[in-house]
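The values are calculated or read from the model by the stated rules, or taken from the named source; none is laboratory data. Computed from a prediction, not measured in an experiment: that's the story for all the values here. No Cβ is skipped: glycine too gets one built from the backbone with ideal geometry, and neighbour counts run over all protein chains shown.
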């Protein structure tokens, strides 16, 4: 089975590319969804977070208080690294298990969508890496429109991420999303055909 890692920067169109792939009948595993699963009540991940960060990051019903934990890790790089050391191995293990199940079911291609695939190095687990990218001004305008940010806030968010050029540098295929949805969909369709043919 061909495995494809799909990533990009904030507001570049990664989720749109994933939707197109799903529409083409390709299974897409969402790392964000799995990240929620590995810290659900009763999991080893949530227990480890409780030990590392204290009861203050748990809600009364036993769920993770994402807002409280987010405030801690946004303000403290060491805390963020500690959280990632708990969650990333569990996320990767779950993704690889699900890919193995898809392969066993005879799927010819499967995609993993994840924002931090290059940062974490997890893209190395997949046969190909696709990076959705766009011009910086396009990215900024989209982020402002989508999140209601002013220019300075949008720039701060973008600057807090790994530069797109660093993601592009390790990509097997680039999907340049400076046009409309149809333009991106055409690129995704063509990239998938090439990948399937070994081209």
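In summary, residue 163 fulfils each of the numbered conditions (1) under 17 Å from the mean Cα position of the chain (by Cα); (2) within 29 Å of residue 196 (Cβ to Cβ) with the single exception of condition (2).
Any chance the stretch 155-170 includes a residue that's surrounded by 13 or more Cβ atoms within 10 Å (Cβ to Cβ), out of contact with any strand residue (DSSP E or B) (no Cβ under 6 Å at 6 or more places or on another chain) and without any contact (Cβ under 8 Å) to a residue 24 or more places away in the chain? Yes, there is a match, as at least one residue in the stretch 155-170 is surrounded by 13 or more Cβ atoms within 10 Å (Cβ to Cβ), out of contact with any strand residue (DSSP E or B) (no Cβ under 6 Å at 6 or more places or on another chain) and without any contact (Cβ under 8 Å) to a residue 24 or more places away in the chain.
Can you tell me which residue in the stretch 62-91 is surrounded by the most Cβ atoms within 10 Å (Cβ to Cβ), limited to those that are in contact with a helix residue (DSSP H, G or I) (Cβ under 7 Å, 6 or more places away or on another chain) and not in a helix (DSSP H, G or I)? Quick ask: steps written out before the conclusion?
As a first pass, look at the stretch 62-91 and keep what is in contact with a helix residue (DSSP H, G or I) (Cβ under 7 Å, 6 or more places away or on another chain): 64-65, 68-69, 72-73, 79-80, 82-83, 86-88, 90-91.
Among the residues that remain, those that are also not in a helix (DSSP H, G or I) are: 64-65.
Numbers: 64: 20, 65: 15.
Once the filter is applied, the top-ranked residue is 64.
One residue stands out in the stretch 23-35 among those that are surrounded by fewer than 14 Cβ atoms within 10 Å (Cβ to Cβ) and more than 10 Å from residue 109 (Cβ to Cβ): the one that is nearest to the chain's Cα centre (by Cα), namely 32.
If you check 115, 152, which single one turns out to be in a loop (DSSP other than H, G, I, E, B) and either in the same structural domain as residue 198 (by TED's automatic domain parsing) or more than 14 Å from residue 8 (Cα to Cα) (or both)? Walk me through it before giving the result.
On the way: 152 fails: in a loop (DSSP other than H, G, I, E, B).
Within the list 115, 152, the selection yields 115.
Would it be correct to say that residue 100 is without any contact (Cβ under 8 Å) to a residue 60 or more places away in the chain and surrounded by 14 or more Cβ atoms within 10 Å (Cβ to Cβ)? Talk me through it step by step, then tell me what you get.
Working: without any contact (Cβ under 8 Å) to a residue 60 or more places away in the chain: yes; surrounded by 14 or more Cβ atoms within 10 Å (Cβ to Cβ): no.
It is false that residue 100 is without any contact (Cβ under 8 Å) to a residue 60 or more places away in the chain and surrounded by 14 or more Cβ atoms within 10 Å (Cβ to Cβ).
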